Structures are given as structure tokens and as C-alpha cells.
Amino acid sequence: MKDETKKLFQLFWTFLKIGPVTFGGGYAMIPLIEREVVDKKKWVSHEDVADVFAIAESIPGAIAINSSTFIGYRIGGIKGAIAALLGVFLPTFLIVVILSIVFLQVQNNPKIEAAFQAIRASIVALIVYAGYMIGKTAIIDKTTFVISFGSMAVLFFLHLHPVLIIFSGIILGIVLVNIKRKLGYSVDGKKEKSSPKTQQLEWFMGDGI
């Protein structure tokens, strides 16, 4: 019981530290979550975190709330999910309430406006870094490379709703997995022997999903 309580407190405290310093929302939180739960605590792997963020983004709700709840559940079950959720939610909620009151009084202050301009620029760097970290575990072969940059191009030029991109990725992933299995490829990131007829397709299909 003591070990469980200690773990729940660690979860709560970890996300309590992350919540107040993640200017820019959930995407800016990704590098901090990885540093705390992967590098320092070693609760989950980089691949697991990438999967969590993919799921958290594909369902309704804020990515910060979703991802912290998923990670908390992965580590401590339902109690862990509640501890992580409270940890990431409470400080942010209190800060927003306080800032809403204060901001009305100082919103026209030039120094405050200058500070927010710098914060917005820093957020861009955090989001780019988060994308890079996820990309290292998500883009594992030529197929995932094409899917990633193809989806990006669709978002930029066709302006489709992100939900359509997500569902298209789900369908495309299922189709590619089935095709690779029929061609004799491994779908777990490890290369298996393939028949001579399929070796000519290796330049495109790669070894992963």
C-alpha cells in the first residue's frame, strides 16, 4: 500500500510540475513529459509516449489532459490516471483563474505585450522539437515517411479537417499492415525473410509498418 501511495504521489507531483510551465498547451508539454516520465523516471519508453500522444490527439479533448491521463493509467491504473489528471489540471486551472483577473488590469502594458511576443516565439520552438521527437519513433521506414509528409502536404494545400487525416491514417495503416503480411514482411519493425518476388518492393515498403 505504501509503494502504491508513493507512486501515485510521484505521478501527481510530476504532472504538477509540468502543468504550470507548459506555455503553449499540449504540444509544448510533450518535451517536458518525455524528460520527466521517460528520461528521469523511466516509467515508459519513447515509443510508448509517441503512441500515447498519437491516441491523445486522435480523441476529443485537450492533448495535455488526454496524454497525462493515458500515461497515469499506464503506470498506476485508474488511480494513476486520476493522480496524473489532477496534477496537470489543478495548477493550470488556478493559474488561469488568477491570470484572467490580473490580465484585465495589465493587458495594455507594453512590457506585458512584449513578454507575450517572446513567449509565443518560444512556443514555436517547443512544438517543432516535440514534432522531431515524435518523428524519430513514428517515421521508421519509407512508408511511414511518405505517409507523414503526404499528410502534411494535404493539411497545407487541401486544408482537410484533421479528423479526416486521422481516420485516413487508421485505414491506410490497416491496409498496409495486411499488404505487408501477405508479402512476407514483418510488421513489428523487424525484417523477416521475404520471397524473391517481393524483394524488388523493398525500396518502398521498408521493414516497419
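The values are calculated or read from the model by the stated rules, or taken from the named source; none is laboratory data. Keep in mind the model is a prediction, meaning the values are calculated, not measured. As a convention, Cβ positions derive from the backbone with ideal geometry for all residues, glycine included, and neighbour counts pool all protein chains shown. Accessible surface areas use protein heavy atoms only, side chains included; no ligands, DNA or RNA. Shrake-Rupley method; radii C 1.70, N 1.55, O 1.52, S 1.80 Å.
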- Query: So, with a 1.4 angstrom probe, what is the percent of accessible area on the range 94-150 that is carbon and sulfur?
  - Reply: 74
- Task: Would you tally the net charge around Ala54, using a Cβ to Cβ cut-off of less than 13 Å, leaving Ala54 out, and scoring K and R as +1, D and E as -1?
- Result: -4
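Would you check the range 22-139 for Lys pairs whose C-alpha atoms are within less than 22 Å, ignoring same-chain pairs closer than 8 in sequence, and give me the count?
Working: Lys40/Lys79; Lys40/Lys136; Lys41/Lys79; Lys41/Lys136; Lys42/Lys79; Lys42/Lys136.
Close lysine pairs found across the range 22-139: 6.
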- Task: Pop a pseudo-label 7 angstrom from the Cα along the beta-carbon direction at both Asp3 and Val163 and give the gap in nm to one decimal.
- Result: 4.4
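Taking the range 109-191, which chymotrypsin sites (Phe, Trp or Tyr not before Pro) meet the DSSP loop condition and have no more than 13 other C-beta atoms within 10 Å?
none
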- Packing-ranked peptide list from 42-52, 69-79, 96-106, highest mean Cβ count within 10 angstrom first, is 69-79, 42-52, 96-106
- Pop the C-beta distance of Asn108 and Ile65 into the FRET formula with R0 = 30 Å and round what comes out to the nearest 0.05. 0.40
- Among rounded, prolate and oblate, which fits the range 122-183 when a ≥ b ≥ c are the square roots of the eigenvalues of its C-alpha gyration tensor, a/c under 1.5 means rounded, and a/b larger than b/c means prolate? oblate
- Rg(Cα) / (2.2 N^0.38 Å) computed for the range 5-124, rounded to two decimals: 1.14
- Query: Binning every alpha carbon pair distance of the range 76-170 at 5 Å from zero, what are the percents per bin?
  - Reply: 2, 9, 10, 12, 14, 14, 15, 14, 7, 2, 0
- Query: Counting only the heavy atoms of the protein chains, how much of Leu158 is accessible to a 1.4 Å probe, in Å² to the nearest 10?
  - Reply: 110
- Query: Once fully extended, how much extra length lies between Ile170 and Trp13, figured as 0.36 nm per residue of separation less the alpha-carbon to alpha-carbon distance?
  - Reply: 53.1 nm
